[in-house]
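For reference, the structure is listed below as structure tokens.
The values are calculated or read from the model by the stated rules, or taken from the named source; none is laboratory data. The structure displayed is predicted, hence computed values, not measured ones. Here Cβ is always computed from backbone atoms with ideal geometry, including for glycine, and neighbour counts include all displayed protein chains. In case anyone asks, the SASA skips ligands and DNA or RNA and just uses the protein heavy atoms, side chains included. Shrake-Rupley method; radii C 1.70, N 1.55, O 1.52, S 1.80 Å.
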Amino acid sequence: MSIGRDPRYFAAFAEELNFTRAAERLFVSQPALSKQIRMLKKQLGAGLFHRDRRSVRLTAVGEALLPHARGMLAAWEAAEAAVEEARNAALHTLVIGMSTSPGRGLLPALRTRLVSHYPHARPVLRQVNRSDPSAGLADGTSGVAFVWLPLPNGDRCQYAVVAQERRLVALPQGHPLSARVAADSEGAVDFTDLLDEPFLALPSEAGPLRDYWLALDAQDGRAPRIGGVVGSAEETHEAVANGQGVALLATGNAPLGSQRPRW
């Protein structure tokens with residue numbers, strides 16, 4: 001990438017006042033430089049230098065043009081540096097997608113290990129709505145992602161299990177099961193007690209992940225009652241608090257509400 005030849009060629013000649021030295025400085029032939037200066041003179045409609053047997057000097061027009069030519073060159077060099085910096089930043093940026101924070105020290109550990117191996121790496125966290133269970137992998141907006149399994153079209157992704165968690169159930173404040181949970185030393189609920197409850201579901205785009213968080217494997221063949229659709233941790237918290245239904249969630253997301261008994 002380079003600026004047009006006119007200001008570069010003119011500035012070099014104006015500073016050297018010698019075609020041979022200016023051509024060597026620009027790594028071009030002297031005829032090519034002379035031709036470019038003549039074309040610039042014709043374009044401007046005014047002479048740029050006087051030449052006699054002893055010396056070459058700029059005309060008033062040449063003197064007026066020189067600082068602008070230098071300014072254009074300086075601005076272009078700054079633009080090239082900015083483009084290079086942006087290009088390098090893009091090359092070293094790793095976008096990490098996630099729908100809910102994995103917690104448990106995984107993010108700090110990942111950042112520490114990544115930067116220790118690649119000091120110029122710039123990890124950037126990207127929060128993705130739960131309607132995209134791939135957390136940006138499917139459309140390429142994330143380079144890597146923390147996702148919940150199972151994934152729709154999981155054969156398109158390579159993954160490694162980094163943590164396993166039990167499913168919890170979030171109950172609205174004052175729910176009838178709350179007293180039983182409080183009396184249980186383990187805070188456990190039998191899933192059969194939830195079969196008639198309205199469940200908060202992920203968007204249909206979540207595919208098999210929606211089925212997992214509706215616990216279809218434990219519904220005894222019954223279709224779950226859907227109390228609402230939630231696309232984020234915040235929406236889940238609000239819907240539970242408003243009594244729209246119960247929600248299944250992972251242990252790491254337990255701080256979302258006040259009561260998270262296990263089943």
> Nearest-5 percent of antiparallel DSSP beta bridges in the chain?
Replying inline: 35 percent
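Could you work out the Kirkwood radius for the chain, taking every pair of different alpha carbons, averaging 1/r and inverting it, reported in Å?
Result for the chain stands at 24.3 Å.
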>> With a 10 Å cut-off between alpha carbons and a GNM built on the chain, which of SER34, SER99, SER131 moves the most?
In response: SER34
>> Only Cα pairs within less than 10 Å get springs; with that Gaussian network setup on the chain, which residue of GLY136, GLY62, GLY227 has the largest fluctuation?
In response: GLY62
>> With a 1.4 Å probe and all protein chains left in place, how much accessible area per residue does the range 101-178 have, in Å²?
In response: 65 Å²
> What's the extension gain from THR20 to MET72 if we count 0.36 nm per residue and subtract their Cα-Cα distance?
Replying inline: 16.4 nm
>> For the range 150-248, which trypsin sites (Lys or Arg not before Pro) pass both filters: DSSP loop (anything but H, G, I, E, B) and at most 15 other C-beta atoms within 10 Å?
In response: ARG166, ARG222
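Stokes-Einstein at 37 °C, 0.692 mPa s, Kirkwood radius from Cα pairs: D for the range 103-248 in µm² s⁻¹?
Details: Rh = 17.4 Å.
Translational D for this selection: 189 µm²/s.
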> Can you give the extra length, in nm with one decimal, that the chain gains between LEU195 and CYS157 once fully stretched, where that is 0.36 nm per residue apart less the Cα-Cα distance?
Replying inline: 10.3 nm
> Excluding ligands, DNA and RNA, what is the solvent-accessible area per residue of the range 1-76 at a probe of 1.4 Å, expressed in Å²?
Replying inline: 67 Å²
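Leaving ligands and nucleic acids out of the surface, order TYR9, TYR118 by accessible area at 1.4 Å, largest first.
TYR118, TYR9
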>> What is the percent carbon and sulfur in the accessible area of the range 1-78, measuring with a 1.4 Å probe over the protein chains and ignoring ligands?
In response: 54 percent
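Can you bin the range 1-59 into rounded, prolate or oblate? Criterion: square roots of the alpha carbon gyration tensor eigenvalues sorted a ≥ b ≥ c, rounded for a/c under 1.5, prolate for a/b above b/c, oblate for the rest.
It is oblate, given that a/c is not under 1.5 and a/b is not larger than b/c.
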> Taking only DSSP H segments of four or more residues, each worth -39500 (n - 2.57), what value at 222 nm results for the chain once the sum is divided by all its residues, to the nearest 500 deg cm²/dmol?
Replying inline: -12000 deg cm²/dmol
